[in-house]
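First comes the structure, then the notes that go with it.
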Amino acid sequence: MQHLPPEELALCALGEAGSDETAHLAGCAECSAEVTALQRVVTAGRSPAAAEALPRPPSSVWDGIHARLGLSDAVRSDPFDEAPSDISGAGTAPTAAEARATAPETSRTGSSPVPLEAARKRRERRRLPQILGAAAAAVVLAAAGTWGVARILSDRTEVIAAVDLAPLPEYSETGRAEVDERADGGRELVVTASGSDAQGFREVWLIAPDVERMVSLGTMEGTEGRFTIPANLDLDEYPIVDISDEPFDGNPTHSGDSILRGVLDL
């Protein structure tokens, strides 16, 4: 079973799952568990009590968010540096004692000015929702080390090679292969096919132009597969993408029966 990619798991956690994702989650315990964990992070980040429930993340977390999202200098400083130290009373009504302490004193000549300290505290309370909203991303990424949200942000990929796969004789399927390079330098081969029929099972290969040397990346189920390319494999030497029909005979070599094939444009 092919699991949902990280970005789709994040959307599901945010309540934006489509019908296909919902159906997959209903039958996949692993993806469902990860979405549940991510939902806890989202709930914590959106809750005004998040700052009480989670430890303050280091300023480097916000620096990373700021740089990754390309935010302006106006929001460069860590939102937690601007938040008032006592946030537990945010959004609650003042007690009678607080009301008396901040109420203007009156005299026969009229009302006196409101003390500056009381006015400052009220301004901080009014700003608190905005401060927490800006800091929510920092709170979420602080918890991401446990639940993998940081991995989602770091899993952005770039397509560095691609080819349309053509059917070999006796087959009519079509397909496509792409090589994705992740931010960490790792590479993946993403293969799609219009069909999934085979007499045995389908295996994905990278093959040299001499069609003698080849590397198996794994078996393919359904119409899409994602395979890790070995770090020491030179795609210039193995540019041919091949999907074969393999019998259940225990023989690890290529059967010689290819369904789709194409040469990567490197």
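Laboratory data are not the source of any read-out in this text; all were calculated from the coordinates shown. A quick note: this is a predicted structure, and the numbers were derived from the prediction, not measured. Glycine gets a Cβ as well: all are built from the backbone with ideal geometry, and neighbour counts include every protein chain shown.
The table for this structure:
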{"read-out": "Evaluated at q = 0.19, 0.26 Å⁻¹: base-10 log I(q)/I(0), Debye formula over Cα of the range 170-246", "value": "-0.81, -1.33"}
{"read-out": "Phi to ³J(HN,Hα) by Karplus 6.51 cos²θ - 1.76 cosθ + 1.60 over the range 229-244, Hz, x for Gly, Pro", "value": "8, x, 4, 8, 8, 8, 5, 5, 8, 10, x, 8, 9, 9, 10, 10"}
{"read-out": "His254 paired with Ala166, simple spin-label distance in nm, labels 7 Å along Cα-to-beta-carbon", "value": "1.6"}
{"read-out": "Karplus 3J(HN,Hα) series, Hz, for the range 6-22 with 6.51 cos²θ - 1.76 cosθ + 1.60 (x for Gly, Pro)", "value": "x, 5, 6, 4, 5, 5, 4, 5, 7, x, 10, 6, x, 5, 5, 5, 4"}
{"read-out": "Per DSSP, loop chymotrypsin sites (Phe, Trp or Tyr not before Pro) in the range 192-266 with at most 11 further Cβ within 10 Å", "value": "Phe248"}
